[in-house]
1. Normalising by the residue count of segment 46-89, find the relative contact order in percent from Cα pairs under 8 Å and 6+ residues apart.
2. Taking only DSSP H segments of four or more residues, each worth -39500 (n - 2.57), what value at 222 nm results for the chain once the sum is divided by all its residues, to the nearest 500 deg cm²/dmol?
3. Normalised by the number of residues in segment 8-127, what is the relative contact order in percent for Cα pairs under 8 Å and 6+ residues apart?
4. Specify the longest stretch of the chain that does not include any exposed loop site, a site being one of the chymotrypsin sites (Phe, Trp or Tyr not before Pro) with a non-H, G, I, E, B DSSP assignment and at most 15 other Cβ atoms within 10 Å.
5. Which residue, Thr123, Thr156, Thr76, has the most motion in a Gaussian network model of the chain that connects Cα atoms within less than 10 Å?
6. With axes computed from alpha carbons, what is the tilt in degrees of helix 56-69 against the longest principal axis of the chain, rounded to the nearest 10 within 0 to 90?
7. Helix 29-41: angle to the longest alpha-carbon principal axis of the chain, degrees 0 to 90, nearest 10?
8. Using the alpha-carbon atoms, what tilt in degrees (0 to 90, nearest 10) does helix 129-146 show relative to the longest principal axis of the chain?
Amino acid sequence: MDAGHRHIGYVGMGKDEQAHDSDQAEMDARYETFLRYKEQHGLCSSNDVHVCGGTAADGFRAMEAAILAGPGNLPTAFFVASDSVAIGVLKALEQHQIAVPERISIVGFNDIPTAEYLTPSLTTVKTYTELMGETGVQLLLHTVRNGPNEVGRKVTIPTELMIRNSSASPFTASI
């Protein structure tokens with residue numbers, strides 16, 4: 001993270017929650033990316049990775065377990081795989097009187113409409129789901145009209161970091 005965090009944890013799904021067959025479910029892309037980044041940069045140990053379901057209650061339980069396992073060993077920041085899960089994470093931190101962002105920064109993913117109205121407002125990665133849908137329809141229509149492409153296409157939809165009050169530099173935070 002550009003904010004200077006060197007001990008970053010993860011809370012969120014480990015497998016794709018949308019898969020119909022749980023045995024065949026692929027690893028959640030956010031989880032997979034975090035693990036790869038963790039290995040490349042040595043950000044945390046496996047004790048700082050908390051796999052859970054996709055609800056606020058799941059996030060609450062995962063963070064509470066992390067806190068009870070050793071509040072002094074918590075990372076200075078957590079990447080949370082969805083804003084819904086982050087709501088539960090924030091609640092657990094509040095109940096255990098762990099200040100956000102002064103002690104721990106939280107960054108969610110999705111930028112749900114509620115994110116900016118939480119206390120503290122949630123720093124999150126905004127995804128452009130409407131643009132994803134439009135692009136998918138355009139690609140489908142192109143295939144219907146012209147047949148399948150001889151060469152595959154890769155489409156990248158941008159994301160945007162929405163910096164709000166749930167994150168701060170660990171060097172300026174008063175612990």
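1. Averaging sequence separation for qualifying contacts and normalising by length gives 53 percent for segment 46-89.
2. -11000 deg cm²/dmol
3. Working: 207 pairs, mean separation 29.6, N = 120.
Value for segment 8-127: 25 percent.
4. Values: sites that count: Tyr128, Phe171.
Counting at most 15 other Cβ atoms within 10 Å as exposed, the longest clean stretch of the chain is 1-127.
5. Looking only at Thr123, Thr156, Thr76, the largest GNM fluctuation is found for Thr156.
6. Computed tilt is about 40 degrees.
7. 60
8. Rounded to the nearest ten degrees, it is 20.
Values quoted throughout were computed directly from the atomic coordinates according to the rules given, and no laboratory measurement underlies them. Just so you know, these numbers come straight off a predicted model, no measurement behind them. Neighbour counts run over all protein chains shown; Cβ positions are idealised from the backbone, glycine included.
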